[in-house]
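Quick notes on the structure that follows.
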Amino acid sequence: MTTRMEFAVTGMHCNSCGLLIDDEVEELAGVRASTTSIRTGRTVVELDGPVDPADVIAAITEAGYAAEHAG
């Protein structure tokens, strides 16, 4: 069963920003996929295992952006 988490992301200015975020987040164990939209300012993470939201935020921060768990 796949579950989802959503994060509000700030600091993006182009589609490449979203690709950078997705690359970082998808390296986390338990993450199946990450989809970031500059239009909505959101990253949706699909999980196939347990993932701490703080780890996703840390990955987004590592990519150079700010984020907060949005559900």
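The values are calculated or read from the model by the stated rules, or taken from the named source; none is laboratory data. Here the structure is a predicted model, which means the values were calculated and not measured. Glycine gets a Cβ as well: all are built from the backbone with ideal geometry, and neighbour counts include every protein chain shown. These area figures cover heavy atoms from the full protein model, side chains too; ligands, DNA and RNA do not enter into them. Shrake-Rupley method; radii C 1.70, N 1.55, O 1.52, S 1.80 Å.
Could you list all residues from the stretch 34-71 that are among the small types (G, A, S), under 14 Å from E6 (Cβ atoms), open to solvent by 30 Å² or more (accessible area, probe 1.4 Å) and free of Cβ contacts under 8 Å to residues at least 24 places away in the same chain? Passing the criteria: only S37. Condition check for I21 on (1) aliphatic (A, V, I, L, M); (2) buried (at least 17 other Cβ atoms within 10 Å of the Cβ); (3) over 11 Å from V56 (Cβ atoms): one failure, at (3). For the stretch 20-71, a residue qualifies if it is assigned to a strand (DSSP E or B) and touching a Cys at 6+ places or on another chain (Cβ under 9 Å), and exactly one does: T36. Residues that are in contact with a Phe, Trp or Tyr (Cβ under 9 Å, 6 or more places away or on another chain) and either at pLDDT below 95 or of a type in the set (A, V, I, L, M) (or both) within the stretch 6-16 comprise V9, M12, listed in sequence order. Tell me yes or no: at least one residue of the stretch 2-9 is open to solvent by 30 Å² or more (accessible area, probe 1.4 Å) and either of a type in the set (D, E, K, R) or within 10 Å of the chain's Cα centre (by Cα) (or both). Yes, the conditions are met somewhere in the stretch 2-9.
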